[in-house]
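Q: Take a look at this one; I'll ask things after.
The values are calculated or read from the model by the stated rules, or taken from the named source; none is laboratory data. Bear in mind the structure is a predicted one, so any value in this text is a computation, not a measurement. Cβ: placed from backbone, ideal geometry, glycine included. Neighbour counts: every protein chain shown. Heads up: the accessible areas ignore ligands, DNA and RNA and are worked out on the full protein's heavy atoms, side chains in. Shrake-Rupley method; radii C 1.70, N 1.55, O 1.52, S 1.80 Å.
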Amino acid sequence: MSLFALQRAPRTIVFGSGQRASLAMHARALGQKALIVTDERMGGGAALGELVDALKTAGVAVAVFDRTLPEVPLDCIDQCVAFGQSFGPDLVIGLGGGSCLDMAKVTAVLLAHGGSPRDYFGEFKVPGLVLPLIAVPTTSGTGSEATPVAVVADSERLLKVGIASPHIIPLVAICDPELTLSAPAGLTAIAGADALTHAIEALTAGPRSVDAGTSHEHVFVGKNALSDGHAREAIGYLARGLRRSVENGQDLAARESVMHGALLAGLAFGTAGTSAAHAIQYPVGALTKTAHGAGVACLLPYAMTFNLGHATASMAEVAVAMGVAEAGDDDRGNAERAIVAVETLFGAIGIPANLAALGLAQDQLDWTAEQSLGAARLVKNNPRPLDLPAMQAIINAAFSGERHRLAN
């Protein structure tokens, strides 16, 4: 395959401790009336008050919607949009974890184009520019500040659904690791494991045949030269900082490493996409009501083992990035070291070791496999072809905790 690369990203990315203070100036350059979308935890905090005061001092009028709910249910989006319409913003600021950022994205779409979120489910359904978006993450996991995706919960569907469009990439992403210092250890672990899964699935994704229409027909285009660079760097930062940030939440250097890794992972999978672990997590999450990051991280070592013979060189790069192997050594051996390193790190931070520990029942395994195949944009990214028997093999091994059953 000839060299191919694609990058879709925010116009401006600002990273660093204390950089939340730059928000007012970035907002003033984009609008005069800002709708801040956040949740109750942030809504009652000092950080929000400081940001609101700075925005007002800069001449930006502010309204705060602080009732975002986890998983972004549609009725919650309706409330936010109605609140926004009564204020008439020309700018939307998402402040919080992935749900808050995704809520801000969907709200910006609906304030610009109207309709229902259901009108935009899928790829390239957003017809044009949305209200200018600024994303200020307070967790290090989803990478939503840099991606073209918003995931929401539709009460008419069991599985979560996504809106995928380059139009919903924030214009500005402000990543301040100090905003993550208050995140509890459990959330830090789950979010960081999600970010590492993003990076590894982006780096090990299958390459695609490309032509002039590829970037117009697919939001996620598979493995490519630019996403590979971001993914490798993300893996290194996350491997160095994640366990430390879980064990000591006040370790600012570790928090910086993990947030930078999560941002880079977002830039990587925002064009490359993710694959099997994410596809399987959609039905697993629906059935077990467990956190997305815990599910994808639980599944990742099993998906990596299944893919070992089809992404050996890429998995060897994972081992080098994690610091458990040297470049140039035997690829197969390094790839196997990568899987063990991921398994060891996730075990150390409390990620469940198998699907049974997540709460999935044995009589739900076949349904889970069938539903996993419905995530076509993820299934086509997997380096080893996925059909129903393949999904069943991964899920059965992940349920029993017997990864060796997938050796190839």
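Q: Please enumerate, by chain and number, the aspartates and glutamates with C-alpha under 16 Å from the C-alpha of residue 33, excluding those fewer than 8 residues away in the same chain.
A: Reachable aspartates and glutamates: 53, 90.
Q: Right, another one. Please give the helix 292-307 orientation as an angle from the longest Cα principal axis of the chain, in degrees from 0 to 90, rounded to the nearest 10.
A: For 292-307 against the chain, the angle is about 30 degrees.
Q: In whole angstrom, note down how far apart the Cα centers of region 1-18 and region 196-274 are.
A: Answer, in whole Å: 11.
Q: Just to confirm the filter: which GluC sites (Glu not before Pro) across region 326-408 are DSSP coil and have at most 13 other Cβ within 10 angstrom of their Cβ?
A: For GluC sites (Glu not before Pro) across region 326-408 that sit outside H, G, I, E and B with at most 13 neighbouring Cβ atoms in 10 Å, the list reads 326, 402.
Q: If you take the charge dipole of the chain about its Cα centre, with +1 on Lys and Arg Cβ and -1 on Asp and Glu Cβ, which of 325, 94, 62 is farthest toward its positive end?
A: So the residue furthest toward the plus end is 62.
Q: Now for a separate question. Stick to the Cα atoms of region 218-299, pair each with every other, and give me the Kirkwood hydrodynamic radius in Å at one decimal.
A: After inverting the pairwise mean of 1/r, the radius is 13.8 Å.
Q: Okay, moving on. What is the helix-to-structure angle for 312-322, meaning the angle in degrees between its Cα long axis and the longest Cα principal axis of the chain, kept from 0 to 90 and rounded to the nearest 10?
A: 60 degrees
Q: Give, rounded to the nearest 20 debye, the magnitude of the charge dipole that region 238-364 has about its Cα centre when Lys and Arg contribute +1 at Cβ and Asp and Glu contribute -1 at Cβ. Mind dumping the intermediate values first?
A: On the way: 7 positive and 11 negative charges, 79 e Å.
Its charge dipole is roughly 380 debye.
Q: If you don't mind, there's one more thing I want to ask. Carbon and sulfur together cover what percent of the accessible area of the chain at a 1.4 Å probe radius?
A: The nonpolar share, carbon plus sulfur, comes to 52 percent.
Q: Rounded to the nearest 20 Debye, what is the dipole magnitude of region 294-408 about its Cα centre when Lys and Arg each give +1 and Asp and Glu each give -1 at the C-beta?
A: Numbers: 7 positive and 12 negative charges, 39 e Å.
I would put it at about 180 debye.
Q: Another question about this same structure. Name the lysines eligible as straight-distance cross-link partners of residue 160: C-alpha to C-alpha under 23 Å, and not fewer than 8 places from it in the same chain.
A: The qualifying lysines are 105, 125, 289, 380.
Q: May I pose another question? Placing +1 at every Lys and Arg Cβ and -1 at every Asp and Glu Cβ, with all other atoms neutral, what dipole size does the chain have around its Cα centre, in debye to the nearest 20?
A: 400 debye
Q: With a probe of 1.4 Å, find how much accessible area the chain has per residue, and write the answer as a whole number in Å².
A: Accessible area per residue: 37 Å².
Q: Sorted by mean Cβ packing within 10 Å, highest first, what order do the peptides 95-106, 51-62 take?
A: 95-106, 51-62
Q: Could you report the accessible area of residue 260 in Å², rounded to 10, computed with a 1.4 Å probe on the protein chains as they sit in the structure?
A: 40 Å²
Q: Quickly rank 37-44, 11-18, 347-354 as a protection proxy: mean count of other C-beta atoms within 10 Å, highest first.
A: Taking the mean over residues of other Cβ atoms within 10 Å, the ranking is 37-44, 347-354, 11-18.
Q: Also: With each run of n ≥ 4 DSSP H residues scored as -39500 (n - 2.57), what mean residue ellipticity at 222 nm is computed for the chain after dividing by its residue count and rounding to the nearest 500 deg cm²/dmol?
A: After summing the helix terms and dividing by residue count, I get -15500 deg cm²/dmol.
Q: Which of the trypsin sites (Lys or Arg not before Pro) across region 287-396 are loop residues per DSSP, with 10 or fewer other Cβ within 10 Å?
A: Sparse-neighbourhood loop trypsin sites (Lys or Arg not before Pro): 289.
Q: Sorted by packing (mean other beta-carbon atoms within 10 Å per residue), highest first, where do 196-202, 183-189 land?
A: Values: 196-202: 32.0, 183-189: 18.4.
Ranking the peptides 196-202, 183-189 by packing returns 196-202, 183-189.
Q: If you fit an axis through the alpha-carbon atoms of helix 276-288 and take the longest principal axis of the Cα set of the chain, what angle between them do you get, 0 to 90°, nearest 10?
A: Once rounded, the angle reads 70 degrees.
Q: Arrange the residues 255, 67, 20 by how much accessible surface each exposes, largest first, with a 1.4 angstrom probe. Can you show the working numbers first?
A: Working: 255 10, 67 105, 20 60 Å².
From most accessible down to least: 67, 20, 255.
Q: Considering only DSSP beta bridges whose two residues both sit in the chain, what percent are antiparallel, to the nearest 5?
A: In the chain, DSSP labels about 15 percent of beta bridges as antiparallel.
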